[in-house]
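Report on the following structure.
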Amino acid sequence: MSRIIIVTGGVGTLGRAVCKAIEAKGWAAVPVDIADHVEGGLGGVDLTDEGAVTSAYARIAATHGRLDGVANIAGGFIWETIADGKIESFDRMYQMNLRSAANSCRAALEHLSEGASVVNVGAAAAGSAGLGMAAYAASKAGVMALTKSLSEELAGKGIRVNAVLPTILDTPANRKDMPDADTSEWVTPDDAASVVAFLLSEEAHAVTGAAVRLAMGRKG
Ligand SMILES: NC(=O)c1ccc[n+]([C@@H]2O[C@H](COP(=O)([O-])OP(=O)(O)OC[C@H]3O[C@@H](n4cnc5c(N)ncnc54)[C@H](OP(=O)(O)O)[C@@H]3O)[C@@H](O)[C@H]2O)c1
């Protein structure tokens, strides 16, 4: 059966790959992003703005007649040490990574029913924050708390909530920032997206509250 899935951050690198993986399953991906122009979805939606997200999702559910899932991909990254960084970076990461995902989950809830699936994007770094990763990892640890708690809240309704925790993704931004890195150890956006699509699917009906670490099990 075809599914209607909202993909936040749908014009970003991983977001585009997730839309592609969803469409490859014969489902409809509806990208939502802060970018003004979003083909096949809604642009100009700031996911940190609760009212904006609620009305965007109500519009999408009305247009498509239903909603079967959400992939919360929108987010961002800051690398800075505690000593040389800014305290505002903690607020910025919280807004971009956690508040955006929480708003998206809350706005989707009234439209989701039994069999629906939510997939959040955390980060492997949240489990053991390395140098310069405090603000980012703290916000992504929050995404894990959101995932676990919401999975418990929705278990009785047959709605699943999981997270993927990417290590480094092979994106143009990462290639630019780390020109000397061994990219064969990086996870491609398409590989990450296929795990997201699996978690959104009925095949994963026995998986909820999980945090799936994404790392290359072989050289790419
Ligand atoms: N890249 C990695 O190595 C890596 C590793 C672990 C986890 N992740 C996570 O994976 C996700 C996707 O990463 P990516 O590399 O594909 O990032 P990306 O290309 O920057 O895509 C993120 C998208 O989300 C949008 N966005 C950010 N804040 C938003 C807001 N408040 N409202 C609406 N849209 C917003 C961005 O718009 P703007 O560009 O205008 O900000 C962008 O289109 C992120 O959550 C990231 O933290 C990435």
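Side notes on the structure shown:
- Any chance Arg175 is assigned to a helix (DSSP H, G or I), without any contact (Cβ under 8 Å) to a residue 12 or more places away in the chain, among the basic types (Lys, Arg) and within 12 Å of the ligand (Cβ to nearest atom): yes
- Selection count where residues are over 15 Å from the mean Cα position of the chain (by Cα) and either within 16 Å of the ligand (Cβ to nearest atom) or closer than 14 Å to Asn120 by Cβ (or both), scope the range 154-172: 5
- Residue in the range 171-188 that is least open to solvent (accessible area, probe 1.4 Å), counting only those that are out of contact with any Gly (no Cβ under 9 Å at 6 or more places or on another chain) and under 30 Å from Ile4 (Cα atoms): Ala173
- The range 88-113, subset among the charged types (D, E, K, R) and under 23 Å from Leu154 (Cβ atoms), residue surrounded by the fewest Cβ atoms within 10 Å (Cβ to Cβ): Glu110
- Residue count for the range 2-43, restricted to those that are part of a strand (DSSP E or B), within 13 Å of the ligand (Cβ to nearest atom) and crowded, with 23+ Cβ neighbours inside 10 Å: 5.
- A residue that is among the polar types (S, T, N, Q) and under 30 Å from Ala129 (Cβ atoms) can be found somewhere in the range 66-78.
- Taking residues in the range 57-79 that are closer than 18 Å to Lys25 by Cβ, and partners anywhere that are among the basic types (Lys, Arg) and more than 10 Å from the ligand (Cβ to nearest atom), the pairs with Cβ atoms closer than 7 Å and at least 6 places apart or on different chains are Asp68/Arg3; Gly69/Arg3.
The values are calculated or read from the model by the stated rules, or taken from the named source; none is laboratory data. Because the structure is predicted, anything quoted here is derived from the model rather than measured. So basically every Cβ, Gly included, is an ideal-geometry build from the backbone, and we count neighbours across all protein chains shown. Please note that ligands, DNA and RNA were not included when accessible areas were found on the heavy atoms of the full protein model with its side chains. Shrake-Rupley method; radii C 1.70, N 1.55, O 1.52, S 1.80 Å.
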